[in-house]
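Have a look at the structure below before the remarks.
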Protein chains: 2
Amino acid sequence: MTTSTPVLPPTGTLRPLGLDEVRITGGHWGERQAVNAGATIGHCLHWLEALGWIGNFDRAAEGAPFERAGREFADSEVYKLAEAMAWEIGRTGDPALEAEFVRLTERIGAAQHADGYLNTRFGGPGQEPRYANLEWGHELYCYGHLIQAAVARLRTRGEDAFTAIARRAADHVCEVFGPGGVERICGHAEIEVALAEFARATGEARYLEQARLFVERHGAKTLPEAGFYYQDDVAVRDAEVLRGHAVRALYLSSGAIDVAVDTGDTALLEAVRRQWDRTLARRTHLTGGMGSQYQDEAFGRDFALGPDRAYAESCAGIGAVMTAWRLLLATGEASCADLIERVSWNVLAGAVAPDGRSFFYANPLHQRTADADPPPDAALPHVRAGGRRAPWFDVSCCPTNLARTFAQYAVYLATADDRGVQLHQYAPAAIDTEVAGKRLALSVATAYPEDGAVTVRVEANGGGERTVSLRVPAWAEGARVTGPDGTARPAAPGTYAEVTAAFAPGDEIRLDLPVAPRWSLPDPRVDAVRGCAAVERGPVVYCAESLDLPGGDLDELTVDAATAPIERGGRVLVAATVHDRPDGWPYGPAAPEGEGKPVELVLVPFHLRATRGPAAMRVWLPQE
Amino acid sequence: MTTSTPVLPPTGTLRPLGLDEVRITGGHWGERQAVNAGATIGHCLHWLEALGWIGNFDRAAEGAPFERAGREFADSEVYKLAEAMAWEIGRTGDPALEAEFVRLTERIGAAQHADGYLNTRFGGPGQEPRYANLEWGHELYCYGHLIQAAVARLRTRGEDAFTAIARRAADHVCEVFGPGGVERICGHAEIEVALAEFARATGEARYLEQARLFVERHGAKTLPEAGFYYQDDVAVRDAEVLRGHAVRALYLSSGAIDVAVDTGDTALLEAVRRQWDRTLARRTHLTGGMGSQYQDEAFGRDFALGPDRAYAESCAGIGAVMTAWRLLLATGEASCADLIERVSWNVLAGAVAPDGRSFFYANPLHQRTADADPPPDAALPHVRAGGRRAPWFDVSCCPTNLARTFAQYAVYLATADDRGVQLHQYAPAAIDTEVAGKRLALSVATAYPEDGAVTVRVEANGGGERTVSLRVPAWAEGARVTGPDGTARPAAPGTYAEVTAAFAPGDEIRLDLPVAPRWSLPDPRVDAVRGCAAVERGPVVYCAESLDLPGGDLDELTVDAATAPIERGGRVLVAATVHDRPDGWPYGPAAPEGEGKPVELVLVPFHLRATRGPAAMRVWLPQE
């Protein structure tokens, strides 16, 4: 049986489940998947056609010089959408989408050269030669997304014309970039993680070896200048922290974990783990957002985490999930699933509008002014991405990347091992898998995170004693777990609460997580938010929007973090003061306070920001 | 008599003095001028030759296609150096420099087209056509610096071959961009301020009219997209605050003030003043640095003033001095001179190394890690500008800009009006001018700001009763002024202390400024430094460097701002604690403090940072 899942390591602590084994049956993430299928995938197809990024393949296939549309990496958007379609077809079997996929496959395949080379920007008549610009050309990056789409296809439908295209491309890459060939890397990591998984999906060891070579070549300075930007400054196994372009860094980390797991290279795995731990402690925003600098779309230095210029790119959120998921499978540590949850709710969920047709490229935690909406029918320059979601960007990596992630999202909910099933993310779901060769089927009912109760019902158990493990998030002080015998016990935050029994159908396990809104304070070394507090509710970060402070100015707010936030009528409220401070030279012997007026401040989930209209917004609220 | 000064408005509150009327005779700024003359100008000449940026003119003159060196605006560096040389020749009469200037003039002139067009990047064989790319081509920007150099030459030596080149270029600009011509602007303001001054220097009214047209065209959206970046989003007279690229914004403001003054357009003057006031209150760092974003080298939003990603470009400091000086001449307000002092000590003085041969492009107030030195013999990519000064940059606007500013710096010390002389900046100096047609000569002796005493001695007074006005900085609470009769009285901060008498030679006036180190606190709306304090001593901002905390980590410091900083043996010290905090997920219900160890922390002037070796550095120190 092929497991229809994007990451399938041969070894590890936990075994991932496929889309055929775990389904989301409702709730927030069910709605997300429905909107993704019903709106986002079609929206992306529309834009890729309208802008000519799919058309590039048709014109390249004609073999004459043409004016190519889009940036160097435009091909990759088509591949990422193909991956989204492939998972979606795997999930729902939608025949219309299948027909669309087949048409897209034909158009892509027509542009492939006889030797497997495939790129609409290089190597054709009148174009720059192949691999003339490895640092910025993105050719290998594009192959990476082609190959990841092929993995999705292989694991949902098996071999077809699409996977054949990817095989030819992967073989070509091994020939050109293998030992004795062009011993360099691509300026944007992605080929590593793709080839490693393609090796798992096809059984071709040469792909893993080529992934390993690419990982090991990072730091050999085979690209010109600015090595840290594309992680060419230091070998992966020698680095201390994630750095440079955040998406590149996280994709590379994912590939390095895969290579480490498949080659038994524990030193490499430990190296990535070390970098990850320091990145979480010193380079990650409250939302789980990574990449604190607009400049270079990059990780900033340790503790450089300004909320207003946080880039926290949507695609870096996806990269963080990719890395955390691989570490979770390898180690089984709850903190990895905690991070996936944090990023899912506070980066991914907010990066796409509720209607699935507009997107945030960057996800800063502070929007200083209420920017006007971007034009509804134009691609927004991504570096100008401001306060509202836009339908498309000049560099438009997030829409298709989000589409493929939401289509596959069910797999992140649960895993299995020889003892039982582990629940990592809580949503209404149906799980039907095998444990030690025997069926174990569970259903999950929950209104989490609005409500902290998660009920797991055993639907079938073909084996005897089984262990169901439920993640207790690190913030969940006071959580309790109740076994099928009705006995409740405390569940320690930051671990998995295990319930072991010879389960019978109808048995229920219940986890109660404390989801009352709470204040969170920053590490005192995070300079930019010193003296501030933020509200979280379960995994959901909250924010203040100027819409809820009519006539007021978010710059003039202070809050009383000694008083707990309250929940009233489904709304989260905190005690605050609005000041009226005079302008003048802003530095002096004393900081004059203007007159203060007490207000009860409404907070809204960060992922729902900017959905009611243009608004100033802030997550971190200055304390009085 | 022509006054040898860069800005000479026909009307205004104060009359600027020329380099022949005010000389710096020693102290910090005397040393700066000596190093500028003895090292920086030669250093710039060397690099401009070595990189071929001067050679571009030779090759353009040959009239055949050639591979041009440098960026679009490389010509402007040659012109800014020519301006530095012209002021320096005016100041010292150095014959070797004069000979160099004449040789440079010949090489520049040889590349000028018959109709006055002059640019080595456009308009030649094999090059893009003239004005094909107004938004990024910088052709008018380059003319602006050519013309400013010609102003320097006109006001120090009179008409010559150089000024003739500039006249031909200015006439060409008026013909091409005048009414009915190309009614657009340059993507980088500079032509406005240059043409307005050239009109004053030559008496040609058409140059002022052309400057006016360019100022008024800003906001008409004659350039594509991203209008705020080059101030093409809103008309100058309608804008509320400085925004977009900081250097562009400040050069444009300077030109707008000139146009407003010369055309009697008080509404335009008020508009710039309004923008300036809000920029000081909400968009300026403690150092006077402007431009808080690396992205776009731009002003950030109100109160977005993160010290670690402060760009505070050296050239924006020069632009701030240009704007403040023009406002000072127009209004006579002490706050304008305060800002010039703040920027001079904390941006300009630190932007060049004590030896005059390396430079900071950006001047952030927080350097998180001790970066290695840049290579001594390569131009550093300006966006990578890190913790140490570099000899040159790919975009190398600061070295030549600093050179021209230091060469003319004496003019910022004093002005005159019909009643007397105003002293704005305190340095050892000799002033010899006329007040209402009669000679008034003063000498200034001071070790300011190490010592707060400024003694002004009357050397000659050809008139009767005269007023000497001494700026009392806004921070100088407790200042006192003593008249020639020996009576002392309080001098109000933020004003000019006036001493009026029928001065006789040998009379002395003394100003005592309180220069003990002091804590400054930020406006509570400046999010990024909330909870921090900084030390200033007179106009000089201080910083902590990791070199003074052996084995310690600047991220782990807190200070006690309730205890005044002390001065001991010429060193400034504050009471601090070094913590040892554990790493982990950095957000939670409580911010755990590690164990603290009290230390006496040495602070050094910010302008001397990074002169002893690589170091982490911070101006804003977290309070306990």
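Do we have A:A271 as farther than 28 Å from A:A534 by Cα and of a type in the set (A, V, I, L, M) here?
Details: farther than 28 Å from A:A534 by Cα: yes; of a type in the set (A, V, I, L, M): yes.
It is true that A:A271 is farther than 28 Å from A:A534 by Cα and of a type in the set (A, V, I, L, M).
Residues B:P484, B:P524, B:P473: which one is free of Cβ contacts under 8 Å to residues at least 60 places away in the same chain and assigned by TED's automatic domain parsing to the domain that holds B:R457? Outline the logic, then answer.
Values: B:P524 fails: assigned by TED's automatic domain parsing to the domain that holds B:R457; B:P473 fails: free of Cβ contacts under 8 Å to residues at least 60 places away in the same chain.
Step by step, each of B:P484, B:P524, B:P473 is checked, and only B:P484 is free of Cβ contacts under 8 Å to residues at least 60 places away in the same chain and assigned by TED's automatic domain parsing to the domain that holds B:R457.
Given the conditions (1) in contact (Cβ under 8 Å) with a residue 24 or more places away in the chain; (2) more than 14 Å from every other protein chain (Cβ to nearest Cβ), which single one is not true for B:G569?
(1)
Mind checking which residues of the stretch B:127-143 are in a helix (DSSP H, G or I), touching a residue at least 60 places away in the same chain (Cβ under 8 Å) and not aliphatic (A, V, I, L, M)?
The answer is B:E135, B:W136, B:G137, B:Y141, B:C142.
Quickly run through the stretch A:550-570 and pick out the residues that are in a loop (DSSP other than H, G, I, E, B) and touching a Cys at 6+ places or on another chain (Cβ under 9 Å).
Matches in the stretch A:550-570: A:A561 only.
Taking only the stretch A:416-438 into account, find how many residues are among the basic types (K, R) and in contact with a Gly (Cβ under 7 Å, 6 or more places away or on another chain).
1
Any residue in the stretch A:341-364 that is modelled with pLDDT of 95 or more, among the acidic types (D, E) and open to solvent by less than 10 Å² (accessible area, probe 1.4 Å)?
Within the stretch A:341-364 (the criterion being modelled with pLDDT of 95 or more, among the acidic types (D, E) and open to solvent by less than 10 Å² (accessible area, probe 1.4 Å)), the answer is yes, since at least one residue qualifies.
Sort out which residues of the stretch B:272-296 are within 7 Å of chain A (Cβ to nearest Cβ), part of a loop (DSSP other than H, G, I, E, B) and open to solvent by 20 Å² or more (accessible area, probe 1.4 Å), and write them in order of number.
Residue satisfying the conditions is B:Y294 alone.
Any chance you could count how many residues in the stretch B:147-202 are without any contact (Cβ under 8 Å) to a residue 40 or more places away in the chain, open to solvent by 10 Å² or more (accessible area, probe 1.4 Å) and under 27 Å from the mean Cα position of the chain (by Cα)?
Residues in the stretch B:147-202 being without any contact (Cβ under 8 Å) to a residue 40 or more places away in the chain, open to solvent by 10 Å² or more (accessible area, probe 1.4 Å) and under 27 Å from the mean Cα position of the chain (by Cα): 1 in total.
Can you find a residue in the stretch A:103-111 that is in contact with a Gly (Cβ under 8 Å, 6 or more places away or on another chain) and either surrounded by fewer than 18 Cβ atoms within 10 Å (Cβ to Cβ) or in the same structural domain as A:A86 (by TED's automatic domain parsing) (or both)?
No, the conditions are met nowhere in the stretch A:103-111.
Just give me the residues in the stretch B:166-207 being of a type in the set (A, V, I, L, M) and touching a Ser or Thr at 6+ places or on another chain (Cβ under 7 Å), in sequence order.
The first filter runs over the stretch B:166-207 and keeps only residues of a type in the set (A, V, I, L, M), leaving B:166, B:169-170, B:173, B:176, B:182, B:185, B:189, B:191, B:193-196, B:199, B:201, B:205.
Matches in the stretch B:166-207: B:I185, B:V193.
Can you pull out every residue in the stretch A:301-311 that is facing chain B (nearest Cβ under 8 Å) and either more than 26 Å from A:R368 (Cα to Cα) or without any contact (Cβ under 8 Å) to a residue 60 or more places away in the chain (or both)?
Within the stretch A:301-311, A:R301, A:R309 qualify.
Only one of A:L521, A:L547, A:L573, A:L601 is open to solvent by 30 Å² or more (accessible area, probe 1.4 Å) and part of a strand (DSSP E or B). Can you tell me which?
A:L521
Only helices (runs of 4 or more DSSP H) wholly contained in the stretch A:51-118 count here; list those with 2 or more residues that are under 27 Å from the mean Cα position of the chain (by Cα).
A:74-92, A:95-110
What about A:A534, is it in a strand (DSSP E or B), at the interface with chain B (Cβ under 8 Å from one of its Cβ atoms) and within 31 Å of the chain's Cα centre (by Cα)?
yes
Taking A:W47, is it outside any helix (DSSP H, G or I) and open to solvent by 10 Å² or more (accessible area, probe 1.4 Å)?
Taking the combined requirement at face value, the residue does not satisfy it.
Since B:T563 meets every condition but one in (1) within 13 Å of chain A (Cβ to nearest Cβ); (2) surrounded by fewer than 22 Cβ atoms within 10 Å (Cβ to Cβ); (3) free of Cβ contacts under 8 Å to residues at least 24 places away in the same chain, which condition does it not meet?
(1)
When you look at B:G506, is it in contact (Cβ under 8 Å) with a residue 12 or more places away in the chain, closer than 24 Å to B:G387 by Cα and assigned to a loop (DSSP other than H, G, I, E, B), yes or no? Spell out how you get there, then give the answer.
Values: in contact (Cβ under 8 Å) with a residue 12 or more places away in the chain: yes; closer than 24 Å to B:G387 by Cα: no; assigned to a loop (DSSP other than H, G, I, E, B): yes.
Against the criterion (in contact (Cβ under 8 Å) with a residue 12 or more places away in the chain, closer than 24 Å to B:G387 by Cα and assigned to a loop (DSSP other than H, G, I, E, B)), B:G506 does not qualify.
Kindly indicate whether A:S314 is open to solvent by less than 10 Å² (accessible area, probe 1.4 Å), under 24 Å from A:E77 (Cα atoms), touching a residue at least 24 places away in the same chain (Cβ under 8 Å) and in contact with a Cys (Cβ under 6 Å, 6 or more places away or on another chain).
Against the criterion (open to solvent by less than 10 Å² (accessible area, probe 1.4 Å), under 24 Å from A:E77 (Cα atoms), touching a residue at least 24 places away in the same chain (Cβ under 8 Å) and in contact with a Cys (Cβ under 6 Å, 6 or more places away or on another chain)), A:S314 qualifies.
For the stretch B:483-503, how many residues meet the condition of being within 26 Å of the chain's Cα centre (by Cα) and assigned to a loop (DSSP other than H, G, I, E, B)?
2
For the structure I just gave you, tell me whether A:A39 is of a type outside the set (K, R), part of a helix (DSSP H, G or I) and within 21 Å of the chain's Cα centre (by Cα). Full working, then the answer.
Working: of a type outside the set (K, R): yes; part of a helix (DSSP H, G or I): yes; within 21 Å of the chain's Cα centre (by Cα): yes.
It is true that A:A39 is of a type outside the set (K, R), part of a helix (DSSP H, G or I) and within 21 Å of the chain's Cα centre (by Cα).
In the stretch B:76-93, how many residues are among the charged types (D, E, K, R) and under 13 Å from B:S396 (Cα atoms)? Write out each step before concluding.
Start the filter on the stretch B:76-93 by keeping residues that are among the charged types (D, E, K, R), which leaves B:77, B:80, B:83, B:88, B:91.
Checking which are under 13 Å from B:S396 (Cα atoms) leaves us with B:77, B:80.
Adding up the residues that qualify gives 2.
Which residue is surrounded by the most Cβ atoms within 10 Å (Cβ to Cβ), if the candidates are limited to the stretch A:509-518 and must be part of a strand (DSSP E or B) and more than 10 Å from chain B (Cβ to nearest Cβ)?
Among those residues, the one meeting the criterion is A:L511.
Does B:E333 satisfy being surrounded by fewer than 21 Cβ atoms within 10 Å (Cβ to Cβ), within 14 Å of chain A (Cβ to nearest Cβ) and under 30 Å from B:R439 (Cβ atoms)?
Against the criterion (surrounded by fewer than 21 Cβ atoms within 10 Å (Cβ to Cβ), within 14 Å of chain A (Cβ to nearest Cβ) and under 30 Å from B:R439 (Cβ atoms)), B:E333 qualifies.
Which numbered condition trips up B:T467, out of (1) buried (at least 19 other Cβ atoms within 10 Å of the Cβ); (2) within 31 Å of the chain's Cα centre (by Cα); (3) of a type in the set (S, T, N, Q)?
Of everything listed in (1) buried (at least 19 other Cβ atoms within 10 Å of the Cβ); (2) within 31 Å of the chain's Cα centre (by Cα); (3) of a type in the set (S, T, N, Q), B:T467 misses just condition (1).
Going by the conditions given, is B:P381 open to solvent by 20 Å² or more (accessible area, probe 1.4 Å) and within 24 Å of B:D75 (Cβ to Cβ)?
yes
The values are calculated or read from the model by the stated rules, or taken from the named source; none is laboratory data. A quick note: this is a predicted structure, and the numbers were derived from the prediction, not measured. Cβ coordinates were reconstructed from backbone atoms using ideal geometry, including for glycine residues, and neighbour counts include every protein chain displayed. Just so you know, the surface numbers come from the protein's heavy atoms only, side chains and all, with ligands and any DNA or RNA stripped out. Shrake-Rupley method; radii C 1.70, N 1.55, O 1.52, S 1.80 Å.
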